[in-house]
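Participant: Pasting in a structure now, in structure tokens, and then I'll have a few things to ask.
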């Protein structure tokens, strides 16, 4: 079977579709005619109407709801409030990075204070009351109190706080 390579090469070199002139574009859109046009409203409606029952779908829906709430809150802010929240955010990030970098020096600085607390009569009771106050319901400071217990009393401090938590849980379940 003889092959004509030159005619095949010419056929492959031809354009697939005729060249478009600037006047011969798709009507009223830059989209191809076989695609559906979507408005941003229908896209938003599809996101809002998605109601999955799986954990991933619930998590996505929750994240979208939080994002919308955050976006609405930022839109309501005045320029002064935006600048203030920006400064607070940057300061928080800088302090967190500094704490991570200098954590060893910070804990060395806190070591004498922890030793004094450990030697204080009834120091464990102060810590116990701090954990009790912040544990039910868990509020800001609870994990800090647990960290202090471990830093000051070591494993015994953790066992003290877990004993307290178990006792309080048991009493609240009995009601």
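Participant: Evaluate the distance, in nm, between pseudo-label points positioned 7 Å from the Cα of residue 85 and of residue 66 along their respective Cα→Cβ axes.
Facilitator: 1.5 nm
Participant: With r as the distance between the Cβ atoms of residue 75 and residue 110 and R0 = 30 Å, compute the FRET efficiency 1/(1 + (r/R0)^6) and round to 0.05.
Facilitator: 0.10
Participant: Still on this structure, I have one more. Which FRET efficiency value, to the nearest 0.05, is calculated for residue 125 and residue 93 with the Förster distance at 30 angstrom and r the Cβ-Cβ distance?
Facilitator: 0.20
Taken together, the values in this text are just the output of simple stated rules run on the coordinates, not laboratory data. Small disclaimer: the values here were computed from a predicted structure and weren't measured. Positions of Cβ are backbone-derived with ideal geometry, glycine not excepted, and every protein chain shown enters the neighbour counts.
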